[in-house]
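Here the structure comes first, spelled out in structure tokens, and everything after it is commentary.
The values are calculated or read from the model by the stated rules, or taken from the named source; none is laboratory data. Please read these numbers as outputs of a predicted model, since none were measured by experiment. Note that each Cβ is placed from the backbone with ideal geometry, even for glycine, and that neighbours are counted across all protein chains shown.
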Amino acid sequence: MNSNTSSNQRITFRKGHENDLPEMRRLFTETIETTCRNDYDEKQRIAWKSGAENEERWLKVIKEQYVLVAVLHNKIVGFCTLDQRNYIDLLFIHKDHQQQRIASTLYKQIEDKAIEQNSMSLAADVSKTAKPFFEKKGFHTLREQLVSVNNVHLTNYKMIKKLI
């Protein structure tokens, strides 16, 4: 039996709650530091990771957005959020769990939720690192954007996918 399919390796997906925030914020910063290293320089990663310090924003995410988490051995290995029924705000997967279909499973559940809520499309502001994933899911780029975080410029992409 392949160890990835054994019962002790089973990933579960559930709705996120406030108690998940410390782990989500840690996963956010670790993923930016490791997975995004080839696409953003150190100064950019530091600026981007500073978003984890905004406790008010993270509380708003958990209270106002539809949040899904992927859990393995009682540890969050990924999460995705849906804001305003049609905007993917956050999608982050632990560096040790990339390429295991976790992002695809989270994304599919988020897309299903958007369709259930009668959304006509999904939008996201996507990093250079995540752009190929979103393209594979049927998103197309509306425009490249230059965003400023703590006076540091980062490139991302406004992307959209028609659902209906």
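The residues of region 37-50 that are of a type outside the set (Ser, Thr, Tyr), surrounded by 14 or more Cβ atoms within 10 Å (Cβ to Cβ) and closer than 18 Å to residue 95 by Cβ, listed by number, are 39, 44, 45, 46, 48, 49. For region 114-129, the candidate set comprises residues that are β-branched (Val, Ile, Thr) and within 22 Å of residue 28 (Cβ to Cβ); within that set, the residue that is surrounded by the fewest Cβ atoms within 10 Å (Cβ to Cβ) is 129. Going by what's in this entry, would residue 37 be described as under 21 Å from residue 97 (Cβ atoms), assigned to a loop (DSSP other than H, G, I, E, B) and basic (Lys, Arg)? In short, yes. Note on region 61-122: enclosed strands (runs of 3 or more DSSP E) holding 2 or more residues that are without any contact (Cβ under 8 Å) to a residue 40 or more places away in the chain and out of contact with any His (no Cβ under 8 Å at 6 or more places or on another chain) are 75-83, 87-93. Can you find a residue that is touching a Cys at 6+ places or on another chain (Cβ under 9 Å) and either modelled with pLDDT of 95 or more or under 18 Å from residue 28 (Cβ atoms) (or both) anywhere in region 78-88? The answer is yes; a qualifying residue exists. Criterion applied to 144, 111, 135 was being over 24 Å from residue 25 (Cβ atoms), buried (at least 17 other Cβ atoms within 10 Å of the Cβ), modelled with pLDDT of 95 or more and out of contact with any Asp or Glu (no Cβ under 6 Å at 6 or more places or on another chain), and the one residue passing it is 111.
Yes or no, residue by residue, for (1) of a type in the set (Asp, Glu); (2) under 14 Å from the mean Cα position of the chain (by Cα):
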| position | (1), (2) |
| --- | --- |
| 37 | no, no |
| 44 | no, no |
| 56 | yes, no |
| 59 | no, no |
| 62 | no, yes |
| 70 | no, yes |
| 78 | no, yes |
| 94 | no, yes |
| 119 | no, no |
